[in-house]
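Enquirer: Here you go, one structure.
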Amino acid sequence: MLTEVIPPLTVRSPAAHTDHPRYAKRLHKVVRRLVPECHVRFVLSESGSSKGAAMVTAVAGRLHSQRLQVCHTLAPFSLSPGQLQQVRDRMRVDLERGLRKGTHTGTPVKMLPSFVCTLPSGNEWGKYLALDLGGTNFRVMVVKIRSGLRRSVRIYNKIYAIPLEIMQGTGEELFDHIVQCIADFLDYMGMKNTRLPLGFTFSFPCRQTGIDKGALVSWTKGFKATDCEGHDVVDMLREAIKRKNEFDLDIVAVVNDTVGTMMTCAYEDPKCEIGLIAGTGSNVCYMEEMRNIKCMEGNEGRMCVNTEWGGFGDDGALEDICTKFDQEVDEGSLNMGKQRFEKMTSGMYLGEIVRQILIDLTSRGLLFRGRITERLKTPGIFETRFLSQIESDRLALLQVRAILQQLGLDSTCDDSIIVKEVCGVVSRRAAQLCGAGLAAIVDKIRENRGLDHLDITVGVDGTLYKLHPHFSTILKETVKALAPLCDVTFILSEDGSGKGAALITAVACSLCRGV
Ligand code: GLC
């Protein structure tokens, strides 16, 4: 026989029932008969209703005060429509400032000419080598582009990790590592002796003086290799190839990832004149009128400008919306005081903002039973993929708890609700800020062209945009609300970085060939 052990149940009887002399005895008997398998104990309650009400009130009061404190902490992350309009307007001012200033001055939004003046026509063809450096990985690719009826782009690639000590070592070590990866790839493809034209996607701010010349302005994201800032990236690559002395490359173009993304998407949709990256970093490029780019000679036509909008706010323009958590993230970063907009909007930093808020709430006893674990003290634990999972609508709270458990955070169900809420406000603000920035850009393009209405496409890449369940929706809503005279379509870039660099190389080669 299967017997279940059921713990004794205690029932508190209201004092009124003690008035009848046999009431209690009968009640106990009936209960015992009805549920003989349960052991029920009856205890008399002293002044039950008032004490109970007081206890319920106390618990509710504690929960209410907790809730209030959490809400109060998260309130600065909710931006009003007025605040978002201000962000849009300030971005617009800084876009203009960046365009006006010469190449020598440092404005927060750098507005770097890319020397890409034409979008792909669809008639590009050829076989190219492409490199992609910008995150924790380095990718080497062979890209085959066909035109005409058999129009297609084929990519063969290999991905190499860039260890932290190389990212933050010397410039020579970094470029030697890159060249070692290229050598391995060429061996693997059996191509050591074929000299293909090469496009280099280098996803950092570069002050270009030609399509194949660009000096690194400053490292961003997790990079900090020494002796690179101020030096020409293509020269550094050429010197490393010389040092290796095993093969030669014909470097045709150096390209920012935003520009590569725009070109990749423009290959599919000619209305694509903007490239957006919402991933580890945050940045935008767009086609600007030559007459507005003051550091360039010539007034005819357009050129793609890499805005480097990540630096927006570096002069304090975002001070009124910066929270103490943004401040802490900035102080703990490799480039304090720099890339303030990027630190509020990109995957590399959103998890850090969340972590800072969680530490604060825990230290005030509002989370994780007040225990700040070693895990919570570890920078970088909340990667974009975790934020995306936690915020997924289809995820039950238990699953959120499981994710937190994976991160070494032991949470209750209440904790999971709060963590989800924290992730939500941080990613919502990021999407809204990107939307406000983008609204400034589309409206500027509309005005540049003297149009009452602009139809334009944005090519997008980046894990935050692609993986996060709400980021793209909020971004689009914000652009719509803040740039009502523009119809903006978003298309995803497939394999943007490599394909884009190859397309730019193809366009540059065809110009040289006079095609
Ligand atoms: C950083 C870089 C920028 C790049 C962006 C996205 O903001 O400075 O050049 O486009 O990250 O990768």
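The values are calculated or read from the model by the stated rules, or taken from the named source; none is laboratory data. Nothing here was measured: the structure is a model prediction, and the numbers come from that model. Because the Cβ atoms are built from the backbone with ideal geometry, glycine has one as well, and the counts that use them run over all protein chains shown. These accessible areas exclude ligands, DNA and RNA; they are computed on the full protein's heavy atoms, side chains included. Shrake-Rupley method; radii C 1.70, N 1.55, O 1.52, S 1.80 Å.
Enquirer: ³J(HN,Hα) across the range 146-160 via Karplus (A = 6.51, B = -1.76, C = 1.60, θ = phi - 60°), whole Hz, x for Gly/Pro?
Expert: For the range 146-160, the Karplus-derived couplings read 10, 10, x, 5, 9, 3, 6, 10, 10, 10, 10, 9, 9, 10, 10 Hz, x marking Gly and Pro.
Enquirer: Let's test the formula: R0 of 45 Å, r as the Cβ-Cβ distance of TRP125 and GLU165. What FRET efficiency results, to the nearest 0.05?
Expert: On the way: r = 41 Å, r/R0 = 0.91.
It comes to 0.65.
Enquirer: Could you work out the helix-only [θ] at 222 nm for the chain, with each DSSP H run of four or more residues adding -39,500 (n - 2.57) and the total divided by the number of residues, to the nearest 500 deg cm²/dmol?
Expert: Helices in the chain give a 222 nm mean residue ellipticity of -14000 deg cm²/dmol.
Enquirer: Can you name the helices of the chain, as whole DSSP H runs, whose Cα span along the helix axis is 20 Å or more and whose Kyte-Doolittle mean is not below 0.0? Write down the numbers at each step before the final one.
Expert: Values: long enough: 48-74 (38 Å, 0.16); 81-100 (29 Å, -1.21); 171-189 (27 Å, 0.35); 347-363 (25 Å, 0.73); 413-448 (52 Å, 0.40); 496-513 (25 Å, 0.92).
What comes out of the filter, once short or polar helices are dropped, is 48-74, 171-189, 347-363, 413-448, 496-513.
Enquirer: Provide the solvent-accessible area of HIS470, counting protein heavy atoms only and rolling a 1.4 Å probe, rounded to the nearest 10 Å².
Expert: Accessible area, nearest 10 Å²: 50 Å².
Enquirer: What does the range 149-188 give for Rg and for Dmax, in Å, if only its C-alpha atoms count?
Expert: Rg, Dmax (Cα atoms, Å): 14.4, 48.
Enquirer: Sticking with this structure for a sec: Enter the per residue convex hull volume of the range 273-398, computed from alpha-carbon coordinates, in Å³ rounded to the nearest integer. Write down the numbers at each step before the final one.
Expert: On the way: hull volume 17.4 nm³, N = 126.
That works out to 138 Å³ per residue.
Enquirer: What distance in nm lies between label points placed 7 Å from Cα along the C-beta direction at GLU374 and SER65?
Expert: Reported label-point gap for GLU374 and SER65 is 3.4 nm.
Enquirer: Something else now. Could you give the length gained on full extension between ALA183 and ALA53, defined as 0.36 nm per residue of separation minus the Cα-Cα distance, in nm? It would help to have the intermediate numbers written out before the result.
Expert: Working: separation 130, 0.36 × 130 = 46.80 nm, distance 7.58 nm.
That pair, ALA183 and ALA53, stretches by 39.2 nm at full extension.
Enquirer: Once you compute Rg and the Kirkwood Rh from C-alpha atoms, what is the Rg to Rh ratio for the range 292-347? Mind showing how you got there, number by number?
Expert: Details: Rg = 15.2 Å, Rh = 13.1 Å.
The Rg/Rh ratio comes out at 1.16.
Enquirer: Restrict the search to the range 430-515; then list the GluC sites (Glu not before Pro) that DSSP places in a loop and that have at most 16 other Cβ atoms within 10 Å of their Cβ.
Expert: Details: sites: GLU447, GLU477, GLU494; in loops: GLU494.
Sparse-neighbourhood loop GluC sites (Glu not before Pro): GLU494.
Enquirer: On to the next question. Once the piece of chain linking GLU229 and ASP487 is laid out straight, how much longer is it, given 0.36 nm per residue of separation minus the C-alpha distance between them?
Expert: Details: separation 258, 0.36 × 258 = 92.88 nm, distance 3.89 nm.
That works out to 89.0 nm of additional length.
Enquirer: Can you list residues from other chains, or at least 5 along the same chain, whose modelled amide H is less than 5 Å from the amide H of ASN306?
Expert: LEU112, SER114
Enquirer: Using the 2.2 N^0.38 Å rule of thumb for compact globular proteins, work out how the chain stacks up: its C-alpha Rg over that value, please. It would help to have the intermediate numbers written out before the result.
Expert: On the way: Rg = 29.7 Å, N = 515, 2.2 N^0.38 = 23.6 Å.
Rg over 2.2 N^0.38 Å, computed on Cα atoms: 1.26.
Enquirer: Follow-up question, since we're still on this one. With the cut-off at 21 Å, tell me which of the pairs LYS192/LYS224; LYS127/LYS499; LYS242/LYS499; LYS110/LYS444; LYS192/LYS242 have Cα atoms farther apart than that.
Expert: Details: LYS192/LYS224 31 Å; LYS127/LYS499 11 Å; LYS242/LYS499 26 Å; LYS110/LYS444 16 Å; LYS192/LYS242 14 Å.
From LYS192/LYS224; LYS127/LYS499; LYS242/LYS499; LYS110/LYS444; LYS192/LYS242, over 21 Å: LYS192/LYS224; LYS242/LYS499.
Enquirer: Here's something else I'd like to know. Report relative contact order for the range 260-390 in percent, whole number only (criteria: Cα-Cα under 8 Å, sequence separation at least 6). Write out the running numbers ahead of the final one.
Expert: Numbers: 179 pairs, mean separation 23.1, N = 131.
Relative contact order comes out at 18 percent.
Enquirer: Also, I was wondering about something else. Would you work out the Kirkwood radius for the range 378-515? I mean one over the mean of 1/r across all pairs of different Cα atoms, in Å.
Expert: Numbers: mean 1/r = 0.0564 Å⁻¹.
Computed over the range 378-515, the radius equals 17.7 Å.
Enquirer: Under 5 Å between amide hydrogens, which residues at least 5 positions from THR170 or on another chain qualify, with H placed 1.01 Å from N in the peptide plane?
Expert: THR226
Enquirer: Have a look at LEU131, PRO379, THR194 and report the one farthest towards the positive end of the charge dipole of the chain, computed about the Cα centre with Cβ charges (Lys/Arg +1, Asp/Glu -1).
Expert: PRO379
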